[in-house]
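The structure appears below as structure tokens.
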Amino acid sequence: MEKLGLLRDIDFALHLPLRYEDETRITPISEAHEGENVQCEGEVMECRVDQRGRRVLIVRIQDDSDELLLRFIHFYPSHQKTLAVGKRVRVRGEIRHGFFGREMVHPQFKAVQEDTPLAASLTPVYPASASLPQAYLRKAVAAGLKRADLRELLPPGVVPAKLPSLRDALNYLHHPPPQAQLSTLEDHSHPAWQRLKFEELLAQQLSQIQAQRERALLHAPALRAQPGGLVERLLAALPFGLTGAQQRVSEEIAQDLALPHPSLPARDAGSPSPGGEASSGGFLALAQPMHRLLQGDVGSGKTVVAALAAAVAIDAGWQCALMAPTEILAEQHFKKLIGWLEPLGLKVAWLTGSVKGKARQKMLDAAADGSAHLVIGTHAVIEDKVKFAKLGLAIIDEQHRFGVAQRLALRKKLASMELEPHMLMMSATPIPRTLAMTYFADLAVSTIDELPPGRSPIVTKVFADAKRWNVIEKIQEEVARGAQVYWVCPLIEESEAMDLSNATETHAELSAALEGYSVGLLHGRMAPAEKAAVMAQFSGGEMKLLVATTVIEVGVDVPNASLMVIEHAERFGLSQLHQLRGRVGRGAKASVCVLLYTGPLSQTGKDRLRAMAETNDGFEIARRDLDIRGPGEFMGSRQSGAELLRFADLQEDSVLLQAARRLAPMLLDQHPDAAHKQVARWLGSKAEFLKA
Ligand code: ADP
Ligand code: MG
């Protein structure tokens, strides 16, 4: 039960049935039709084990109207005892057409007397697990429902009209009366369901606003770029001009960083800056910590925006940290940023799991004494040993790949003076608007909605694996014309070894097909130095084809690569496919992405591949991903704090969502106690997750 999240009485009360079984009536056998799920009652006329072939227990029962055959392929001696000739039984199941007429296979059954009463309400069937019997769970839920505190928390008049009280709604949903309309219970349109969804959405909105208000009480150093300072020098040194979208989001970020804290005068005379040196006339200006998501499609140029934000922080006398989910990605950032920032006299440190010994100690010292302006790395950046003298800005790339705890840990890296660093999170998986409104009410969002100039759109083609050789022939032509090609093999999660052998086989096959050309292999088991060497050959252009497992998923940037083949595309998630595809189409050359699949495809698999073929737009992909998977999975439980919406559907229940959004601020202001209880009732300990 703990695994199902069932701990408190209220958790049981909110554990709602998946469906119901009707034990409130008896159908005469003559009126029980094929395909119907019914309950019948009768006397056992025959009970025998058929020994021909497989042992089967055959039972014949009879009521006043007709006879019915029951068939059990698995059975125990206890079956024969309860179903012995002359016993009266109630059986429940689907009527099927059998060899001897209508029958039930493996029905539910129980011994009854003439006067055994029928159930007074429909019987709930709960989400359970293999080791948790329904009957046991039913009792536990009924007990929890009875004990749970279901008092009305909301002031009169605020619940949308015609919705029952929470107590009535729950009693109804757990034990619907015999005449209940099953269809409205199953599609969740019944007012009792509506009430529940409203409650849930309200709790979720309340917790968001609460988190927002708590954040507003925190302080961060105000970071302002100096005129003629680092930011301007960086812009002047870049080999390209910013796109309009990059300019806009950079300004949004700069504004957040500099914005004086609303609760304080612009200069707080009481707080000297932590490093002791003057940041603005000897006093530390305070701001509200930024909590901003920078979203932009793959290749839209987020890195340079991050570099500019870092330049603002460094210019203001503070340090910056950049954390990326993989070593390859961190390294790409490191190379790019060092190229941009070192010529400006900045010191960039590098910290990953593979940096060890003396080198590691040097990096740790540089972070701790403040001499490193920017620290780039993987999860290694948030380890306990890592201390920063003056962390002003923390940037997280591919933020959805990190958990809540990791984001919190990064925030805690500025331990001095009860200050928090500003947070900039970056993602190539945009959050659809409905999700942004609900899960991320507490997050400011900047969107890069424009690609740098000179990119040509990618054409995506979907082929069955039977066409593999046609694809390889196409690769031969393209490579002969000077193109570079990625070939991506899937990650088979259960077995890294199998994953590798697949990639190795494919590598051999393609090496043979491309005689005379250099064909490389990149996979997760290689040492960082080996990976780097392969990447360097591919970026340099001497390697023409790179066979890779998904280690190239994020961040790799080789503009001359114009063809990508993804093998077993059906095994990838939609956003992962889109990210992979973003590795091509980075140069001026028209690019092609080939998705090879091995059938049969599931409906979801078909939907995903179709979405890929139909659009290149990351926002549209994200929207479809949300449609295909639903919000819980879309967010990943690590990110959402375990699927916060169990009942409500953001799209279907938008009317209720709007009502909850209107009500939440008023409730917090005028009935803070009720608001607090509402959040606790629904979210319990999960509420903490929303704050990260
Ligand atoms: P992503 O948003 O996927 O992280 P990157 O920051 O890696 O994208 O940028 C993709 C490529 O586009 C890089 O090679 C980068 O140098 C280049 N780039 C970024 N901004 C511009 C621009 N305004 N004009 C031209 N090229 C740009
Ligand atoms: Mg990137």
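Tabulated data
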{"quantity": "Selected residue (only one of Ala532, Ala527, Ala590, Ala548 is closer than 27 Å to Asp397 by Cα and either open to solvent by 40 Å² or more (accessible area, probe 1.4 Å) or of a type in the set (Lys, Arg) (or both))", "calculated": "Ala527"}
{"quantity": "Residue identified as at pLDDT below 95 and open to solvent by 40 Å² or more (accessible area, probe 1.4 Å) among Ala111, Ala148, Ala180", "calculated": "Ala111"}
{"quantity": "Residues that are within 16 Å of ligand 1 (Cβ to nearest atom) and open to solvent by 20 Å² or more (accessible area, probe 1.4 Å), drawn from segment 303-322", "calculated": "Thr303"}
{"quantity": "Filter result for the condition that a residue is under 23 Å from Asp369 (Cα atoms), modelled with pLDDT under 90, away from ligand 2 (no atom under 16 Å from the Cβ) and exposed (fewer than 12 other Cβ atoms within 10 Å of the Cβ), over Gly270, Gly275, Gly281", "calculated": "Gly281"}
{"quantity": "Residue check for Cys47: crowded, with 20+ Cβ neighbours inside 10 Å, within 46 Å of the chain's Cα centre (by Cα) and not in a helix (DSSP H, G or I)", "calculated": "no"}
{"quantity": "Near pairs, Cβ below 7 angstrom, 6+ apart or cross-chain, from segment 480-495 (over 16 Å from Glu570 (Cα atoms)) to any residue that is modelled with pLDDT under 65 and outside any loop (DSSP other than H, G, I, E, B)", "calculated": "Tyr486/Ile552"}
{"quantity": "Residues (charged (D, E, K, R), buried (at least 19 other Cβ atoms within 10 Å of the Cβ) and at pLDDT below 80) located in segment 412-441", "calculated": "Lys413"}
{"quantity": "Checking Thr24 against (1) of a type in the set (S, T, N, Q); (2) open to solvent by less than 30 Å² (accessible area, probe 1.4 Å); (3) farther than 30 Å from Lys197 by Cα, the condition it does not meet", "calculated": "(3)"}
{"quantity": "Residue identified as within 16 Å of ligand 1 (Cβ to nearest atom) and not in a helix (DSSP H, G or I) among Pro343, Pro325", "calculated": "Pro325"}
{"quantity": "Residues located in segment 452-463, provided they are more than 15 Å from Ala590 (Cα to Cα) and open to solvent by 90 Å² or more (accessible area, probe 1.4 Å)", "calculated": "none"}
{"quantity": "Evaluation of Pro600 against (1) surrounded by fewer than 20 Cβ atoms within 10 Å (Cβ to Cβ); (2) at pLDDT below 90; (3) out of contact with any helix residue (DSSP H, G or I) (no Cβ under 8 Å at 6 or more places or on another chain); (4) part of a helix (DSSP H, G or I) (one fails), failing number", "calculated": "(4)"}
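Listed here are the residues, each with its yes/no results for (1) away from ligand 2 (no atom under 16 Å from the Cβ); (2) buried (at least 17 other Cβ atoms within 10 Å of the Cβ); (3) farther than 20 Å from Glu418 by Cβ.
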residue	(1), (2), (3)
Gly353	yes, no, yes
Lys356	yes, no, yes
Leu364	yes, yes, yes
His379	yes, yes, yes
Ile395	no, yes, yes
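The values are calculated or read from the model by the stated rules, or taken from the named source; none is laboratory data. Not measured: the values here are computed from a predicted model. Neighbour counts are summed over all protein chains in view; Cβ atoms, including those assigned to glycine, are modelled from backbone coordinates with ideal geometry. Ligands, DNA and RNA are stripped out before the accessible areas are found, and what is left, the full protein with its side chains, is counted by its heavy atoms. Shrake-Rupley method; radii C 1.70, N 1.55, O 1.52, S 1.80 Å.
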